[in-house]
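Quick note: the coordinates plus some simple rules give every number you see, no bench work behind them. Everything quoted here is computed from the prediction, not taken from an experiment. Quick reminder, even Gly has a Cβ in these numbers, built from the backbone with ideal geometry, and neighbours come from all protein chains shown.
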Amino acid sequence: MCESDSYRVSTAAEPAFHGFWIVDDVVFVETVSGEERVTDPDQVAVYERLADRLWSAAVTGDDARAVLLSAGRQWARSER
């Protein structure tokens, strides 16, 4: 990472990942330049599989709280 003014710019190769949400049989994909609506059933299925994979890796409740507290402590140590 390199700092430029008040924001950071990544110089590492990172995959582009856009936010999305699924409403009934439609996927709304938010990109840096706008929003796309996906209605093709095969493409919707791709996002449904991705959402399932993300939820299977997610933590909730006390486990999520522990992850956030740990990340906060690590960040605080790195800012010293």
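Summary table
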read-out: Thr31/Arg80 FRET efficiency (R0 41 Å; Cβ-Cβ; nearest 0.05); value: 0.65
read-out: Likely footprinting exposure, Phe28, Phe17, fewest C-beta neighbours within 10 Å first; value: Phe17, Phe28
read-out: Calculated from backbone phi, Karplus (6.51, -1.76, 1.60) coupling profile of the range 64-80 in Hz, x at Gly/Pro; value: 5, 4, 5, 4, 5, 5, 5, 4, x, 5, 5, 4, 4, 5, 6, 7, 6
